[in-house]
Amino acid sequence: MMLDKHFTTLLSIFLLLPFITIGQTQTSEFTAKGGAPTTYKKIKLDNKVAYLHSETGKVISKSEYFVKHGTHSHGSDHEHDQEFDHFKYYWESDKVNPYKDVVVNTPFKIEFDQKTFTHPVDQEIEVTSRYGRRKRRPHRGIDLNLVTGDNVRTVLPGKVRFVGYSSGHGKTVIVRHVNEIETVYAHLSDYKVKENDIVAEGQVIGLGGNTGRSTGSHLHLEVRYKGVCIHPEYVFNFDGSRTIRGSELWVSNAWKTPRFHSAYKKSEVTPLATKEIAIAAEKAEPRFYKVRSGDTLGHIAMKHHLGVSEICKLNRISKKSTLKIGQIIKVR
Ligand SMILES: [Zn+2]
């Protein structure tokens, strides 16, 4: 229903557009039918989709093209449409994660058509908690310090999918980007965008706060691909360089699993550039075992073809230490 309403609004804008923009430079960029832009040609540049302006020769990225013209392709059968299909599918404005029925196997590839991003906070980056194991529950985002009321900005251009409250995240804005990555901005005190808004990189999407399950004002930022959380520091470099770690990044099991990281310690990041490298990295990943009732170190060691001393060394525990049910033991 939301889409229909949106579509009708857009359609009326397109019908009016030729009349209200006559005499302005914008007119030449659109055709009346469906409003699909005709002066941009879809091209491949460095194996990535880009758009070439036929008159000026200027090439813009898919993200820039989307921000400028993305919404104009609704409802037409133009080839540009398929390019932005993921702004239609699983496009639900009432769910934090609309991808619950989607299985994403690792390793999977994420792609970026730009090399840098904008910091979501204006103050100097101060990480107060990282992606990984934390005392009570795993932490699936990065916490950045801010003062309540500070601007929170979208790190990349995109379209706002979700604006709303969730018990854990508090006031939350979720932006979907052209590469199907979503960024989640949580614990906000206020919203500055609405669902379906097109946002430019760095646009203020809300104000920082302390809503939801939060102690002290900060921004909780998540990076998701089809609902799967990815370690934000695997993708975005928060060292001040504002760089994205690669135009093609392979996400292995370790870069989506909090257990492999500590919320209190910076993980060392080596971007996985190819599928082969990612598969090899996964094969070398540590394996874990969850302690069950009746388990002893001897049992666990035998089950995994290890000596008790090897298990102790892997987990930095002594042979005499008592195991707790549910405790996670490294077995490789
Ligand atoms: Zn957090």
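Please state, rounded to one decimal and in Å, the Kirkwood hydrodynamic radius that region 261-321 gives when every pair of distinct Cα atoms enters the mean of 1/r.
After inverting the pairwise mean of 1/r, the radius is 14.2 Å.
Compute the Cα gyration tensor for region 135-244, then decide on rounded, prolate or oblate, letting a ≥ b ≥ c be the square roots of its eigenvalues: rounded whenever a/c is under 1.5, prolate when a/b is larger than b/c in the other cases, and oblate in all that remain.
Here region 135-244 falls in the rounded category.
Evaluate the distance, in nm, between pseudo-label points positioned 7 Å from the Cα of Ser167 and of His53 along their respective Cα→Cβ axes.
Modelled inter-label distance: 5.1 nm.
Answer rounded, prolate or oblate for region 175-316, using the Cα gyration tensor with square roots of eigenvalues a ≥ b ≥ c: rounded when a/c is under 1.5, else prolate when a/b is larger than b/c, else oblate.
prolate
What is the extension gain from Lys319 to Asn253, computed as 0.36 nm multiplied by their sequence separation minus the C-alpha to C-alpha distance, in nm to one decimal?
Taking 0.36 nm per residue and subtracting the Cα distance, the gain is 20.8 nm.
Aspartates and glutamates near Lys290 by alpha-carbon distance under 20 Å, same-chain residues fewer than 8 away left out - which ones?
Hits, sequence-local ones excluded: Glu282, Glu310.
Which pairs, out of Lys100/Lys320; Lys95/Lys283; Lys109/Lys171; Lys100/Lys135; Lys88/Lys115; Lys48/Lys88, put more than 32 Å between their alpha-carbon atoms?
Lys100/Lys320; Lys95/Lys283
Quick one: length gained pulling Ser129 to Asp94 fully straight, 0.36 nm per residue minus the C-alpha distance?
Taking 0.36 nm per residue and subtracting the Cα distance, the gain is 9.8 nm.
Please work out the FRET efficiency for the pair Thr296 and Ser262, using the Cβ-Cβ distance as r and a Förster radius of 30 Å; give the result to the nearest 0.05.
0.65
So what is the relative contact order for region 288-330, in percent, with contacts set as C-alpha pairs under 8 Å and at least six apart?
Here the relative contact order equals 60 percent.
Using 0.36 nm per residue of separation minus the Cα-Cα distance, give me the extension gain between Val102 and Lys330 in nm, one decimal.
79.2 nm
Read-outs: derived from the displayed coordinates by stated rules, not from any lab. Because the structure is predicted, anything quoted here is derived from the model rather than measured. Every residue, glycine among them, receives a Cβ derived from its backbone with ideal geometry; neighbour counts consider all protein chains shown.
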